[in-house]
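S.K.: One structure follows; several queries about it will come next.
The values are calculated or read from the model by the stated rules, or taken from the named source; none is laboratory data. Note that the coordinates shown come from a computational prediction; the quantities given were computed from them, not determined experimentally. Methodologically, a virtual Cβ is constructed for each residue, glycine included, from the backbone with ideal geometry; neighbour enumeration extends over all protein chains shown.
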Amino acid sequence: MNLLDAQEGKEYIIKQIITDDEEIDAFLFSLGCYSGEPITVISHLKGICIVSIKDGRYSIDNDLASAILV
């Protein structure tokens with residue numbers, strides 16, 4: 001399942017990030033978003049997903065959220 005299907009407020013473990021774009025992969029890694037790390041969906045808004053990774057909250061678009069498998 002990807003982040004778009006995840007329940008709000010529940011912690012998940014990132015299983016895989018599916019992207020061919022190295023810049024996106026590097027960006028997510030810089031946020032602490034990589035396999036094995038916990039991630040929590042704070043809310044789903046129109047076109048974006050608010051997530052909590054480590055001690056930070058980030059807004060990612062739905063295309064990026066769909067590439068993160070939990």
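S.K.: Scan region 29-47 residue by residue and report those that are free of Cβ contacts under 8 Å to residues at least 40 places away in the same chain and over 17 Å from Ile17 (Cα atoms).
M.R.: Just the residues of region 29-47 that are free of Cβ contacts under 8 Å to residues at least 40 places away in the same chain, to begin with: 29-43, 45-47.
Within region 29-47, Ile42, Ser43, Leu45, Lys46, Gly47 qualify.
S.K.: Please specify each residue of region 32-49 satisfying the condition of being hydrophobic (A, V, I, L, M, F, W, C) and either in contact with a Gly (Cβ under 7 Å, 6 or more places away or on another chain) or surrounded by fewer than 16 Cβ atoms within 10 Å (Cβ to Cβ) (or both).
M.R.: Of everything in region 32-49, those that are hydrophobic (A, V, I, L, M, F, W, C) and either in contact with a Gly (Cβ under 7 Å, 6 or more places away or on another chain) or surrounded by fewer than 16 Cβ atoms within 10 Å (Cβ to Cβ) (or both) turn out to be Ile42, Leu45, Ile48.
S.K.: Condition first: under 14 Å from Leu64 (Cα atoms) and either among the charged types (D, E, K, R) or at pLDDT 95 or above (or both). Now tell me which residues in region 15-38 satisfy that.
M.R.: Answer for region 15-38, where residues must be under 14 Å from Leu64 (Cα atoms) and either among the charged types (D, E, K, R) or at pLDDT 95 or above (or both): Asp20, Asp21, Glu22, Glu23, Asp25.
S.K.: Can we say Ser52 is free of Cβ contacts under 8 Å to residues at least 60 places away in the same chain, exposed (fewer than 12 other Cβ atoms within 10 Å of the Cβ) and not charged (D, E, K, R)?
M.R.: no
S.K.: Okay, moving on. Going by what's in this entry, would Leu3 be described as surrounded by 15 or more Cβ atoms within 10 Å (Cβ to Cβ) and modelled with pLDDT under 90?
M.R.: Working: surrounded by 15 or more Cβ atoms within 10 Å (Cβ to Cβ): yes; modelled with pLDDT under 90: no.
No; evaluated as a whole, the condition is false for this residue.
S.K.: Ser43 is checked against (1) in contact with a helix residue (DSSP H, G or I) (Cβ under 6 Å, 6 or more places away or on another chain); (2) assigned to a strand (DSSP E or B) and fails just one. What number does that condition carry?
M.R.: (1)
S.K.: Residues being farther than 15 Å from Val51 by Cα, outside any helix (DSSP H, G or I) and touching a strand residue (DSSP E or B) at 6+ places or on another chain (Cβ under 9 Å): count how many of those fall in region 20-40.
M.R.: 2
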